[in-house]
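Worksheet: the structure to be examined is printed underneath.
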Amino acid sequence: MPILKIDGKDIEVPVGTSIIEAAKKAGIEIPHYCYHPGLSVAGNCRMCLVEVEKFPKLQISCYTPVTEGMVVHTQSERVKDAQQAVLEFLLVNHPLDCPVCDQSGECELQNYYMKYGLYDSRLMEDKVKKHKAVSIGPTVMLDGERCVLCSRCVRFCDEVTHTHEMGIVNRGDRAEIEVAPGKEVDNDYSGNVVDICPVGALTDKDFRFKCRVWFLAQTPSVCPGCSRGCNIEIHWNKERPYQTPGERVMRLKPRFNADVNKFWICDEGRYNYHWIDQGRLLKPMQKRRGVPHEVSWEEAFGTLSGLFLRPQEMGVIVSTDMTNGDLAMAQQLFVSELKVKNVAYQWIRKSGKEDELLMKADKTPNTRGAQALGFEDRSGEIYEQIEKGQIKILFLFGHNLMEILGKDQAEKMRSHLETLVILGPHAHEGINLADWALPSAVYAEKNGTFTNFEGRVQKISKAFPPMGMAKSEREILKEMARQAGIHINLTV
Amino acid sequence: MQAKFQMSSELKTELDKIVSQYETKQAALLPVLNLAQEKYGSISPEIESWVADYLQLPLMKVREVVSFYTLFHAEQKGKHHFQMCRNMSCMLRGCEEMIEYLKERLKLEDGQTSQDRCFSLSTVECLAACEMAPMMQLNDRYVGPLTKESIDQILKEIEINN
């Protein structure tokens, strides 16, 4: 492997590595716009110029492979001059609309100007006018004037989705991003072009003007939208919650994982978060003479733990939306301790859209995890036993019986039961069937792990506390068990 | 929906011949567009998508090329198409004055075609004839260095031949 020197540091990298990647490995930042490690090299922005000894001219570090004994300078006067000049060029026709630009705060033009620019404007001419605020797809807005023509979005549509919707038309200072007439950037991964846009040219319709990015907090997590388990970051409004009342999650962004999702996530996963803050069940509810009443957790735990004396009449249906920790707690309590025979998972949303890039047909995040803990997809048998009157108590996790069985069938099923306990985050219509409705936390509100379809166990982190009085399934079960005199200590 | 554009069969044969000379279909894009424009007078969106299908290229790749070169145009041009170079060498040698003069003589603005479809005026990027700057392309002919007199002369010739 060649050894080279960058800014005086010796670095050993494999043959064929570009200077920019070698520098990244050594912790040296080289500014760039068009280069993206997930796309082909375009070499058009000229921002990543570096000085290589024995080369007469500055070289673009994204396209120059390292060689043995190469000596690179990223901080020399020549390089600094070049960076400043390139920035000046890129900003010649850039509108100074940062105060109303949604990219503000995460814009590489802003960042690099403060780091590598800091020149006084010499512009006497009028700026070239281009198309502004053009909708180019169901998720993406284009501002032609803000674009630096790095072509990342074009390459993304060419190389990752192979849908070829975008291109750069015209020439010179009139060049702009365009989609074919009558066409839209309407593919399953369109939101990614916004992520990779280094400036404010492409913005996300779902996120635009909702929240300034510097008010956001980022929490690493895993997308619960399918069994792929793409690594994501939950961006939530930490600093100005009163500006988005009732909405905490502002957007989801992909988080790099070379083995799972690389740099990308699908739109289905990206926009699958509004339910986190909507329609939530906020307090434990008990039905008394047909009418739901709010109760305290203590009351709920006290009464419900009494049901544990009748495990032979009990059925438990867990969900593959639950984390491994929650599932393990259910497994410990119901299977190991109470010896309940009828414990299963119900596999819902298992046949959605699947493709060769990321999307999997199983739209739940933890089917493999449930299977690994010994749960089986036997919910049908449990429903049969309820109808036969063998199961009188049902613990249901997250599911909506109305949706699964249909209204009539669900009500019929309900009438066979003595007690129906539903633990779930949402106050859907199926909740009305329950004798006890216990609010549980969603994935963004707890720590835990999901096991993806390949068996990869991935960590999710708690972004914010559960809404209302909700608790994680794990806490609810643990407390209920404690009241019944069963102590479970899980280290999962 | 418009009826799908049909390329004339003679032209198609000619295009097939061109394509067969290249290793990849994509490489034939410029000559194919050239021939199509020669035959139809412009590259309409219908021709654009026909070419894209024909060369198995994404439509946007064809559009990028068509919009990049000033020698391709989407609308029909007049019988006499004046393409005035506006690039570096020509500008240094006074093309701006020549462009203004021609605009005045033809009573046309950049990109316009006269109502009788006799004249079109465009300003274009470098035509690679800097030695005759300031210059223009009049249909297939390069003319330069231009002076007000030579422009007068050309317009007179056109008038006589009409």
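The values are calculated or read from the model by the stated rules, or taken from the named source; none is laboratory data. Every value quoted in this text rests on a predicted model; they were computed, and no experiment measured them. Because the Cβ atoms are built from the backbone with ideal geometry, glycine has one as well, and the counts that use them run over all protein chains shown.
Annotations
- Residue match in the range B:73-93 (condition: closer than 28 Å to A:VAL179 by Cα, loosely packed, with under 15 Cβ neighbours inside 10 Å and modelled with pLDDT of 95 or more): no
- Among the residues making up the range B:49-60, those that are in contact (Cβ under 8 Å) with a residue 24 or more places away in the chain, closer than 23 Å to A:PHE156 by Cα and either within 11 Å of another protein chain (Cβ to nearest Cβ) or surrounded by 18 or more Cβ atoms within 10 Å (Cβ to Cβ) (or both) are B:SER49, B:LEU55, B:LEU57.
- Selection status of A:ARG78, among the basic types (Lys, Arg), in contact (Cβ under 8 Å) with a residue 24 or more places away in the chain and not in a loop (DSSP other than H, G, I, E, B): yes
- Applying a threshold of 6 Å to beta carbon distances and a minimum spacing of six or more residues, or different chains, the list of pairs starting in the range A:405-424 at a residue that is touching a residue at least 60 places away in the same chain (Cβ under 8 Å) and ending at one that is crowded, with 20+ Cβ neighbours inside 10 Å and in a strand (DSSP E or B) reads A:THR419/A:ILE393; A:VAL421/A:PHE395; A:VAL421/A:TRP436; A:GLY424/A:SER440.
- The single residue among A:LYS253, A:LYS262 that is more than 18 Å from A:ILE476 (Cβ to Cβ), charged (D, E, K, R), out of contact with any Asp or Glu (no Cβ under 8 Å at 6 or more places or on another chain) and surrounded by fewer than 24 Cβ atoms within 10 Å (Cβ to Cβ) turns out to be A:LYS262.
- Residue match in the range A:171-183 (condition: part of a loop (DSSP other than H, G, I, E, B), modelled with pLDDT of 95 or more and away from every other protein chain (no Cβ under 13 Å)): no
- Identity of the residue in the range A:266-296, assigned to a loop (DSSP other than H, G, I, E, B) and in contact with a helix residue (DSSP H, G or I) (Cβ under 7 Å, 6 or more places away or on another chain), that ends up surrounded by the fewest Cβ atoms within 10 Å (Cβ to Cβ): A:LEU281
- Selected residue (criterion: surrounded by the fewest Cβ atoms within 10 Å (Cβ to Cβ)) from residues of the range A:444-475 that are assigned to a helix (DSSP H, G or I) and out of contact with any strand residue (DSSP E or B) (no Cβ under 6 Å at 6 or more places or on another chain): A:GLU475
- When the range A:152-170 is limited to residues that are under 18 Å from A:GLU356 (Cα atoms) and β-branched (Val, Ile, Thr), the one that is nearest to the other protein chains (Cβ to nearest Cβ) turns out to be A:THR163.
- Residue in the range B:112-132 that is crowded, with 16+ Cβ neighbours inside 10 Å, touching a residue at least 12 places away in the same chain (Cβ under 8 Å), in contact with a His (Cβ under 6 Å, 6 or more places away or on another chain) and of a type in the set (Ser, Thr, Tyr) present: yes
- Per-region count, the range A:53-72, residues part of a loop (DSSP other than H, G, I, E, B) and either of a type outside the set (S, T, N, Q) or free of Cβ contacts under 8 Å to residues at least 12 places away in the same chain (or both): 12
- Checking A:VAL199, A:VAL194, A:VAL148 one by one, the residue that is touching a strand residue (DSSP E or B) at 6+ places or on another chain (Cβ under 6 Å) and either among the acidic types (Asp, Glu) or away from chain B (no Cβ under 14 Å) (or both) is A:VAL194 and no other.
- Selection status of B:SER67, surrounded by 18 or more Cβ atoms within 10 Å (Cβ to Cβ) and either within 14 Å of another protein chain (Cβ to nearest Cβ) or within 30 Å of B:ASP152 (Cβ to Cβ) (or both): yes
- Residue count for the range A:70-102, restricted to those that are in contact with a strand residue (DSSP E or B) (Cβ under 7 Å, 6 or more places away or on another chain) and either surrounded by fewer than 16 Cβ atoms within 10 Å (Cβ to Cβ) or charged (D, E, K, R) (or both): 4
- Remark: A:ASP158 falls outside the filter, which requires a residue to be part of a loop (DSSP other than H, G, I, E, B) and free of Cβ contacts under 8 Å to residues at least 12 places away in the same chain.
- For the range A:31-38, the condition holds for at least one residue, the condition being that it is within 30 Å of the chain's Cα centre (by Cα), loosely packed, with under 15 Cβ neighbours inside 10 Å and at pLDDT 95 or above.
- Test: residue in the range A:372-387 that is without any contact (Cβ under 8 Å) to a residue 24 or more places away in the chain, farther than 25 Å from A:GLY455 by Cα and of a type outside the set (S, T, N, Q): yes
- Among the residues of the range B:70-92, those that are closer than 19 Å to B:GLN37 by Cβ, within 14 Å of chain A (Cβ to nearest Cβ) and without any contact (Cβ under 8 Å) to a residue 40 or more places away in the chain comprise B:PHE72, B:ALA74.
- The set of residues from the range B:27-48 being within 13 Å of chain A (Cβ to nearest Cβ) and assigned to a helix (DSSP H, G or I) comprises B:PRO45, B:GLU46, B:GLU48.
- Residues in the range A:308-321 that are in contact with a Gly (Cβ under 8 Å, 6 or more places away or on another chain) and in a loop (DSSP other than H, G, I, E, B) were compared, and the one that is farthest from A:GLY389 (Cα to Cα) is A:ASP321.
- Failed condition for B:GLU109, given (1) more than 13 Å from the chain's Cα centre (by Cα); (2) free of Cβ contacts under 8 Å to residues at least 24 places away in the same chain; (3) within 13 Å of chain A (Cβ to nearest Cβ): (3)
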